């Protein structure tokens with residue numbers, strides 16, 4: 001196997017809410033514990049090979065977006081290391097860190113929130129490469145036109161504003177912006193979630209075509225298992241901050257090892273010409289402020305035993321290069 | 001199902017007053033739902049599916065109005081009824097749930113207040129009896145410890161629980177028809193499955209006719225008996241779920257099905273429908289789908305196709321894909 005382009009080792013991220021004065025006073029008087037802490041991502045270790053598509057799935061609050069943001073260098077981990085193309089983002093000297101962070105670009109869910117509404121497309125897309133000295137200022141217009149054509153937009157789009165485009169076109173602009181600094185890795189956080197089915201298909205096809213053309217590596221975060229299954233080589237399933245299963249896409253869908261993955265796959269609505277009975281996993285995801293002890297999934301798990309509520313299962317190999325965090329996998 | 005359908009919508013058209021003049025959002029839509037039947041109303045943003053649901057409820061906002069057609073609920077015409085008369089029916093014979101339950105629940109009232117108000121609006125009940133009904137309503141939608149949860153406020157519930165609450169209120173009077181506008185779109189997969197299973201059970205037990213409005217063909221395919229596919233304000237195809245999924249007659253339906261990522265096509269490019277849904281102000285002449293259609297010919301740009309009925313299905317297309325529909329066009 002070639003050297004991984006992304007390597008995470010024991011990555012954790014905590015969020016602490018800063019208590020205001022009244023709260024600190026109340027805590028002191030009542031001898032309560034200090035400010036509440038949420039462990040959004042809990043010791044995640046994984047690698048992504050160059051050219052690979054890693055899908056990250058999970059429900060709201062599982063930490064998938066936080067993990068994506070750390071890989072993209074927007075958030076710093078509280079513990080653990082993230083190496084992108086061999087560079088540790090936390091300790092590398094400024095010059096190397098900058099080069100490494102340019103190599104990872106992020107495509108967000110909502111282009112209207114991530115793109116400046118008062119800037120024209122030519123500046124949205126062209127500003128970063130000019131600022132980083134990758135494109136000469138007089139080359140900017142031609143560069144932007146080429147890039148727009150590449151993502152399937154007419155070059156005349158360059159002089160318009162974001163609000164003048166449809167949802168699918170905005171997604172294309174967001175992708176062009178990410179590609180402008182010539183990244184090696186695209187981190188896509190729910191990038192197709194807000195689009196209609198027929199438009200979503202166009203954008204997924206674009207992602208796959210760009211991967212073939214430019215040899216991009218993707219980290220593709222989504223709650224939509226159908227989309228992730230379609231585009232990913234490998235999938236990591238997250239539950240309450242932890243990766244509970246990591247496997248090649250086909251193997252995972254053929255035979256999920258973790259009971260949560262199994263439940264998730266069963267619940268996916270699929271196109272099928274027969275009416276089905278929806279049978280649900282009981283309960284809801286517990287609050288990340290007070291996660292259950294042992295295996296986080298045990299209160300909802302159909303096969304949980306005593307041991308599951310006390311001992312945290314390690315993410316361990318379960319054959320065929322697959323990993324699962326379950327005592328019974 | 002025997003007897004008159006629970007809900008029968010015939011030739012319904014809806015228009016909105018706008019800066020560009022009067023814009024027709026829905027053109028001559030017809031469908032019916034029997035007791036205990038589930039109809040999926042599928043379409044992308046701007047297809048007119050939600051507006052149709054609102055119009056059936058008599059809840060169009062001030063700019064919108066029904067320009068023609070009829071909505072019959074249990075045989076009674078609703079179009080033209082006064083607001084007072086409509087209020088008597090809404091919540092009792094027909095109710096609606098929406099995508100975001102936090103917009104339908106009052107955030108400053110306790111859950112019991114809201115449920116009891118909805119109950120006593122249509123029935124004379126003692127406080128005690130109303131409370132008992134409220135508890136059993138919460139129980140029926142699978143909310144744990146219902147008696148205690150009654151005294152909570154909506155914000156103390158999770159998203160999935162809030163949607164159950166909205167469903168419980170909508171079903172209080174065992175309405176003949178429930179209109180559900182994307183009620184599970186904002187929910188996580190496992191929670192969506194929980195809500196779907198509750199709704200499916202309740203609708204079957206109470207004989208409620210369900211109109212399930214959604215952009216998601218996969219959800220509808222597992223839930224509905226029949227599907228109506230909408231495009232640019234018209235129903236372009238109606239039929240049973242099995243017929244539509246295995247043998248779509250309209251090129252748009254076929255494109256929609258092919259756009260859904262699925263197991264057997266993993267990694268290969270998805271079929272895509274080029275372009276985007278036209279805006280109401282600029283709907284193309286003839287068949288509104290023709291600029292995006294691979295099968296379009298000269299006639300498609302000139303004439304709106306008439307609905308073609310065949311084998312318990314209806315399609316609006318000059319060049320239908322299903323073989324049975326083509327046979328029908330030739331014989332006509």
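Residues that are more than 8 Å from chain A (Cβ to nearest Cβ) and touching a helix residue (DSSP H, G or I) at 6+ places or on another chain (Cβ under 7 Å) were ranked within the stretch B:181-194; the one that is farthest from residue B:252 (Cα to Cα) is B:187.
Going through B:107, B:146 one at a time, which residue ends up being farther than 17 Å from residue B:171 by Cβ, over 24 Å from the mean Cα position of the chain (by Cα) and in the same structural domain as residue B:202 (by TED's automatic domain parsing)?
Values: B:146 fails: farther than 17 Å from residue B:171 by Cβ.
Residue meeting the stated conditions: B:107.
Looking across the stretch B:202-224 at every residue that is closer than 18 Å to residue B:6 by Cβ and within 11 Å of another protein chain (Cβ to nearest Cβ), the one that is surrounded by the fewest Cβ atoms within 10 Å (Cβ to Cβ) is identified as B:204. For the stretch A:220-230, the criterion of being within 12 Å of another protein chain (Cβ to nearest Cβ), free of Cβ contacts under 8 Å to residues at least 12 places away in the same chain and within 24 Å of residue A:42 (Cβ to Cβ) is satisfied by no residue at all. Which one is farthest from the other protein chains (Cβ to nearest Cβ) among residues in the stretch B:259-289 that are buried (at least 16 other Cβ atoms within 10 Å of the Cβ) and over 25 Å from the mean Cα position of the chain (by Cα)? Within the stretch B:259-289, the match that is farthest from the other protein chains (Cβ to nearest Cβ) is B:286.
Residues that are surrounded by fewer than 19 Cβ atoms within 10 Å (Cβ to Cβ), away from chain B (no Cβ under 14 Å) and at negative phi within the stretch A:164-182 comprise just one, A:181.
When residues in the stretch A:201-219 are screened for being within 7 Å of chain B (Cβ to nearest Cβ) and in contact with a helix residue (DSSP H, G or I) (Cβ under 7 Å, 6 or more places away or on another chain), 4 of them pass. Is it the case, given these coordinates, that residue A:248 is surrounded by fewer than 23 Cβ atoms within 10 Å (Cβ to Cβ), more than 10 Å from chain B (Cβ to nearest Cβ), under 17 Å from residue A:323 (Cα atoms) and within 20 Å of the chain's Cα centre (by Cα)? In short, yes. Residue A:50 falls short on exactly one of the conditions (1) in contact with a strand residue (DSSP E or B) (Cβ under 8 Å, 6 or more places away or on another chain); (2) crowded, with 17+ Cβ neighbours inside 10 Å, and that condition is (2).
Among the residues making up the stretch B:41-53, those that are within 11 Å of another protein chain (Cβ to nearest Cβ) and at pLDDT 90 or above are B:42, B:43, B:47.
Please give the strands (runs of 3 or more DSSP E) falling wholly within the stretch B:14-129 in which 3 or more residues are farther than 29 Å from residue B:279 by Cα. In the stretch B:14-129, there are no strands (runs of 3 or more DSSP E) which contain 3 or more residues that are farther than 29 Å from residue B:279 by Cα.
Residue B:320 passes every criterion in (1) crowded, with 23+ Cβ neighbours inside 10 Å; (2) within 30 Å of residue B:20 (Cα to Cα); (3) more than 14 Å from chain A (Cβ to nearest Cβ) apart from (2). The selection criterion, being within 14 Å of chain A (Cβ to nearest Cβ) and either on the phi > 0 side of the Ramachandran plot or in contact with a strand residue (DSSP E or B) (Cβ under 7 Å, 6 or more places away or on another chain) (or both), holds for residue B:227. Among residues that are surrounded by 23 or more Cβ atoms within 10 Å (Cβ to Cβ) and touching a strand residue (DSSP E or B) at 6+ places or on another chain (Cβ under 9 Å), residue A:201 is not included. Scoring residue A:270 on the criteria (1) within 30 Å of residue B:227 (Cβ to Cβ); (2) more than 9 Å from every other protein chain (Cβ to nearest Cβ); (3) over 22 Å from the mean Cα position of the chain (by Cα); (4) in contact (Cβ under 8 Å) with a residue 24 or more places away in the chain leaves a single failure, condition (2). Of the residues making up the stretch A:273-306, those that are within 23 Å of the chain's Cα centre (by Cα), surrounded by fewer than 20 Cβ atoms within 10 Å (Cβ to Cβ) and more than 8 Å from every other protein chain (Cβ to nearest Cβ) number 5.
Give the residues of the stretch B:237-252 that are under 23 Å from residue A:195 (Cβ atoms) and over 15 Å from the mean Cα position of the chain (by Cα), sorted by residue number. Scanning the stretch B:237-252 gives B:244, B:245, B:248, B:250, B:251, B:252.
For the residues A:88, A:146, A:110, the requirement of being without any contact (Cβ under 8 Å) to a residue 60 or more places away in the chain and either within 29 Å of residue B:273 (Cα to Cα) or crowded, with 16+ Cβ neighbours inside 10 Å (or both) singles out A:146.
Do we have residue B:40 as surrounded by 16 or more Cβ atoms within 10 Å (Cβ to Cβ), within 15 Å of the chain's Cα centre (by Cα) and under 23 Å from residue B:233 (Cα atoms) here? Considered against the rule, which asks whether it is surrounded by 16 or more Cβ atoms within 10 Å (Cβ to Cβ), within 15 Å of the chain's Cα centre (by Cα) and under 23 Å from residue B:233 (Cα atoms), residue B:40 comes out as yes.
The values are calculated or read from the model by the stated rules, or taken from the named source; none is laboratory data. Quick caveat: nothing in here was measured; it's all calculated off a predicted structure. Neighbour counts are summed over all protein chains in view; Cβ atoms, including those assigned to glycine, are modelled from backbone coordinates with ideal geometry.
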